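Heads up, the thing below is written out as structure tokens.
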């Protein structure tokens with residue numbers, strides 16, 4: 001039953017690669033702006049500190 | 001200016017939009033997650049295999065929504081770029097610029113899953129089928145937009161230049177699409193467009209629509225996040241950014 | 001009175017650009033030479049078998065025409081940008097789209113029209129039949145102005161950018177695809193004895209649309225790039 005599910009009627013490679021690609025792409029695209037925003041805020045804060053001194 | 005309602009006008013200020021985008025991003029993200037889980041369950045477990053294509057038809061639940069998104073995002077991108085350029089609304093052009101990478105991602109995903117679906121159906125990964133070819137050209141358009149955006153140093157100029165490009169693109173997309181369709185019928189080989197019109201059953205329609213909405217909310221969540229970055233980058237010296245950063249440091 | 005002035009401005013600019021091109025005629029020849037060389041590479045890279053060449057001729061000639069157009073487009077606003085006359089152009093009281101149209105027309109006369117003269121020669125090299133020759137000229141006559149018109153938008157967006165030439169081709173080549181598809185198919189169909197008025201009409205309407213819209217977009221893009 002479970003192995004049937006993973007077997008996907010013989011199309012396992014195509015189906016699972018598709019879903020894996022979708023997962024990887026969407027996760028990457030999800031994380032990227034979060035990291036960028038954090039880095040930006042840190043950079044701006046650092047520049048601000050330097051400017052205030 | 002009276003065309004724009006007051007609340008929208010207030011929202012469109014970079015500071016307010018930044019806050020709004022953060023909240024909206026989180027909400028859309030949760031909605032997308034729920035929809036994706038439901039879509040995956042109905043798509044991979046609950047729905048029966050297609051009577052012609054077997055389980056390979058399950059690729060449809062990522063391929064078709066991604067292909068829909070690739071077109072949808074371009075139109076949204078062009079419209080918000082136009083609004084941003086005409087009324088000089090920074091939030092709107094930030095939204096447009098933020099849309100491009102997400103749209104390109106969906107286009108690439110549609111292409112790759114289309115190829116993976118094509119292999120069991122056609123026997124080869126790539127066929128110059130009308131839909132795949134259109135997607136490929138759309139990917140070129142997205143990449144061109146992003147290349148122009150990164151080539152121009154000044155963010156204001158970049159926003160306005162890319163707006164023009166997006167508008168030119170949106171005028172051209174129907175023409176390109178029509179040309180490719182026509183070209184495809186002209187050179188129709190042995191390949192049958194099996195990807196089209198799979199007389200869709202309700203049990204397949206449910207996961208398809210779930211995934212389509214999930215992708216829409218994912219896009220919104222993602223693009224709001226990116227728009228925040230765009231705004232931060234453009235408005236670095238502005239008071240609201242300094243207050244924001246200073247406030248966060250103080251806490 | 002003002003209409004007459006407009007006409008004067010248009011033709012003055014057109015004549016100036018043609019004069020400039022004439023003075024740099026050696027430079028203007030380069031894209032044409034490129035066109036010929038690219039086309040002659042195909043038999044060498046593929047197979048000089050007449051049947052094959054006959055089949056690929058329309059597509060090869062049209063792809064080479066697109067590439068040659070890309071090369072020549074790069075120079076459309078460049079020298080004007082470098083010597084500052086482009087900024088002067090933006091400051092004149094005349095409507096910018098009209099002046100842009102004069103520049104596009106000059107560009108087409110210098111780089112598009114000569115392709116028409118070379119095409120029969122290349123058709124011969126690629127074993128294109130006599131039935132295909134007239135349609136090839138017709139599609140070039142309708143298609144190359146579209147390349148100049150759409151291309152001008154891209155040039156205006158990338159003028160003054162470093163590495164603008166490569167960027168230009170990324171932006172513009174995908175937009176040329178409809179022209180390529182319909183023009184090459186028209187020539188191929190004509191060779192097969194199929195009626196091609198539909199394709200020519202489509203190219204004609206593309207030309208009309210590009211003629212109406214492209215100068216506006218180019219003018220807007222120039223104002224953005226130079227601000």
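The values are calculated or read from the model by the stated rules, or taken from the named source; none is laboratory data. Because the structure is predicted, anything quoted here is derived from the model rather than measured. In this analysis, Cβ positions are derived from the backbone assuming ideal geometry, glycine residues included, and neighbour counts consider all displayed protein chains.
Among the conditions (1) over 15 Å from the mean Cα position of the chain (by Cα); (2) closer than 30 Å to residue C:88 by Cβ; (3) assigned to a helix (DSSP H, G or I); (4) more than 7 Å from every other protein chain (Cβ to nearest Cβ), the only one that residue C:211 does not satisfy is (1).
Picking from C:151, C:129, C:160, which residue would you name as being at pLDDT below 90 and either away from chain B (no Cβ under 11 Å) or surrounded by 23 or more Cβ atoms within 10 Å (Cβ to Cβ) (or both)? Reasoning before the result, please.
On the way: C:151 fails: at pLDDT below 90; C:160 fails: either away from chain B (no Cβ under 11 Å) or surrounded by 23 or more Cβ atoms within 10 Å (Cβ to Cβ) (or both).
Sole residue among the options that is at pLDDT below 90 and either away from chain B (no Cβ under 11 Å) or surrounded by 23 or more Cβ atoms within 10 Å (Cβ to Cβ) (or both): C:129.
Looking across region B:63-94 at every residue that is buried (at least 22 other Cβ atoms within 10 Å of the Cβ) and closer than 22 Å to residue B:10 by Cβ, the one that is nearest to the other protein chains (Cβ to nearest Cβ) is identified as B:85. Might you check whether a residue that is more than 9 Å from every other protein chain (Cβ to nearest Cβ), free of Cβ contacts under 8 Å to residues at least 24 places away in the same chain and either assigned to a helix (DSSP H, G or I) or buried (at least 23 other Cβ atoms within 10 Å of the Cβ) (or both) occurs anywhere in region C:178-188? Within region C:178-188, none of the residues are more than 9 Å from every other protein chain (Cβ to nearest Cβ), free of Cβ contacts under 8 Å to residues at least 24 places away in the same chain and either assigned to a helix (DSSP H, G or I) or buried (at least 23 other Cβ atoms within 10 Å of the Cβ) (or both).
Can you go through B:151, B:104, B:130, B:159 and tell me which one is within 14 Å of chain C (Cβ to nearest Cβ), farther than 20 Å from residue C:220 by Cα and at pLDDT below 95?
On the way: B:151 fails: farther than 20 Å from residue C:220 by Cα; B:104 fails: at pLDDT below 95; B:159 fails: farther than 20 Å from residue C:220 by Cα.
Exactly one residue qualifies, and that residue is B:130.
Looking across region B:41-62, the residues that are facing chain A (nearest Cβ under 8 Å), free of Cβ contacts under 8 Å to residues at least 60 places away in the same chain and either outside any helix (DSSP H, G or I) or buried (at least 20 other Cβ atoms within 10 Å of the Cβ) (or both) come down to B:49, B:54, B:55, B:58, B:59.
Does residue A:13 satisfy being surrounded by 11 or more Cβ atoms within 10 Å (Cβ to Cβ) and either within 8 Å of another protein chain (Cβ to nearest Cβ) or out of contact with any strand residue (DSSP E or B) (no Cβ under 6 Å at 6 or more places or on another chain) (or both)? For residue A:13, the condition - surrounded by 11 or more Cβ atoms within 10 Å (Cβ to Cβ) and either within 8 Å of another protein chain (Cβ to nearest Cβ) or out of contact with any strand residue (DSSP E or B) (no Cβ under 6 Å at 6 or more places or on another chain) (or both) - is met.
So, in region B:98-129, exactly how many residues are assigned to a helix (DSSP H, G or I) and more than 15 Å from residue B:70 (Cα to Cα)?
Within region B:98-129, the subset assigned to a helix (DSSP H, G or I) is B:98-122.
Applying the additional criterion that residues be more than 15 Å from residue B:70 (Cα to Cα) yields B:115-122.
Number of matching residues: 8.
Within region C:163-173, the set of residues being over 22 Å from residue C:138 (Cα atoms) and either touching a residue at least 40 places away in the same chain (Cβ under 8 Å) or surrounded by fewer than 21 Cβ atoms within 10 Å (Cβ to Cβ) (or both) comprises C:163, C:164, C:165, C:166, C:167, C:168, C:169, C:170, C:172. Considering the conditions (1) under 16 Å from the mean Cα position of the chain (by Cα); (2) more than 7 Å from chain B (Cβ to nearest Cβ), residue A:51 is excluded by exactly one of them, (1).
Would you mind stating whether residue C:222 is within 24 Å of residue C:95 (Cβ to Cβ), more than 8 Å from every other protein chain (Cβ to nearest Cβ) and buried (at least 23 other Cβ atoms within 10 Å of the Cβ)?
yes
What's the number of the condition residue C:47 fails, among (1) surrounded by fewer than 21 Cβ atoms within 10 Å (Cβ to Cβ); (2) in contact with a helix residue (DSSP H, G or I) (Cβ under 9 Å, 6 or more places away or on another chain); (3) assigned to a helix (DSSP H, G or I)? Status for residue C:47: all satisfied but (3).
As for region B:184-206, it holds at least one residue that is at pLDDT below 85, away from chain C (no Cβ under 13 Å), under 28 Å from residue B:76 (Cβ atoms) and crowded, with 21+ Cβ neighbours inside 10 Å. For region B:226-247, taking the residues that are within 18 Å of residue B:84 (Cα to Cα), facing another protein chain (nearest Cβ under 7 Å) and crowded, with 20+ Cβ neighbours inside 10 Å, the one that is modelled with the highest pLDDT is identified as B:226. Restricted to region C:132-148, and to residues there that are crowded, with 21+ Cβ neighbours inside 10 Å and over 8 Å from the mean Cα position of the chain (by Cα), the residue that is farthest from residue C:112 (Cα to Cα) is C:132.
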